[in-house]
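Rule-based calculations on the coordinates, nothing more; no lab input. Because the structure is predicted, anything quoted here is derived from the model rather than measured. Here the Cβ positions follow ideal geometry from the backbone for every residue, glycine too, while neighbour counts run over all protein chains shown.
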Amino acid sequence: MSTGTITAARRRGGRPLGTWGGRLALIIASVLLTFGAAEGILRLVGYSYVPMKIEVANRSLTDFRYHHILADDHHEFDAELFWRPRASTSVFNSQGYRGKELSEQKPPNAIRILAVGDSNTLGWFEEGLNWPQYLEQLLDQPEVTVTNAGVWGYSSHQGLARFKRALRFEPDAVIISFGGNDAHGVNISDWEFARRRARESVYSRLRLGQLWLAAAEGRRAKQGLVLVPRVSVERYEAHLEAMLDIAERRGIEVLLLTRPYVGPLPPWNSWKRQAPQYHAATVHVATAHSAPLIDVFAEFRDQDRYFRDESHFNDEGHHRMARMLYDRHVRALVERLRRH
């Protein structure tokens, strides 16, 4: 190869390649130096931004997910669940459930029933009113435990993850009740909420990342609030189906419940206006998968005397719920499990 050919091969546009490489290296070094200096200055002045503490854009409509994560003494932050029960409190035992603690090693004759749901499953604060506890009392068998794994504010998005974590205790049966919180209108869905939390956990390690997150949150606030359900009906069905699939693979008996509520449907966009769709979705999943279902909504429809508000049982309601589950399904279920 001639000298002229070699020289041409080393050039592009009449400029030596080495010149471009040097300039690129200089640009990269300058950017890194600038970012490093900015990061150092932000740390020096004590700048800090905690993304989770930002309020929703429309302050008149509170996103209660932030309350449970930041201001609820009964819960603590969880990267996957958003919030989880704070162990060993007046409500939750050391394992984060309500009721008796479960041994890590399951006794040979033990029958464990897991109740996974929201606040209407968990019951009310220190009063201890909850249908899983009353159901266990009706069964009245020392080897049978009904573990209350309900959590205030939980959607089926969180319920699926909580169910998976409870598998280490080898439940024989699971009672599933969601569909209320799923329908609540929020700025971003639980799915997007989880994705955003994952991004924030990475970006917030640096002060520059925190600064970017603060700017992004400010831009979102200016855009206004567009309501979407916490969990779409399609994702809600997918979550129920995922729990059914897990249960089938592990030989766990399943009982699906529709979510009860009372009172007229409001004329505006609210969770109760959307609730019938989630009720129908629960029935559809149970029918499609031949899964046992008790239509709790239909059983308690327009019976206000069993509720302390539009969607939570009072003590009489919890007792009636437990008796209905016992008579309709759970007593026979336990007998079947004992034979096996």
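So, in nm, how far is label A288 from label E143 when the simple model puts each one 7 Å beyond its Cα toward the Cβ?
The answer from the label model is 3.8 nm.
May I ask you to list the aspartates and glutamates whose Cα is less than 19 Å away from that of K272, ignoring any residue fewer than eight positions away on the same chain?
D63, D118, D182, D190, E234, E237, D295, E299, D302, D304, D309, E310
Can you list residues whose amide H is under 5 Å from V144's amide H, if they're 5+ apart or on another chain and H is modeled 1.01 Å from N?
I111
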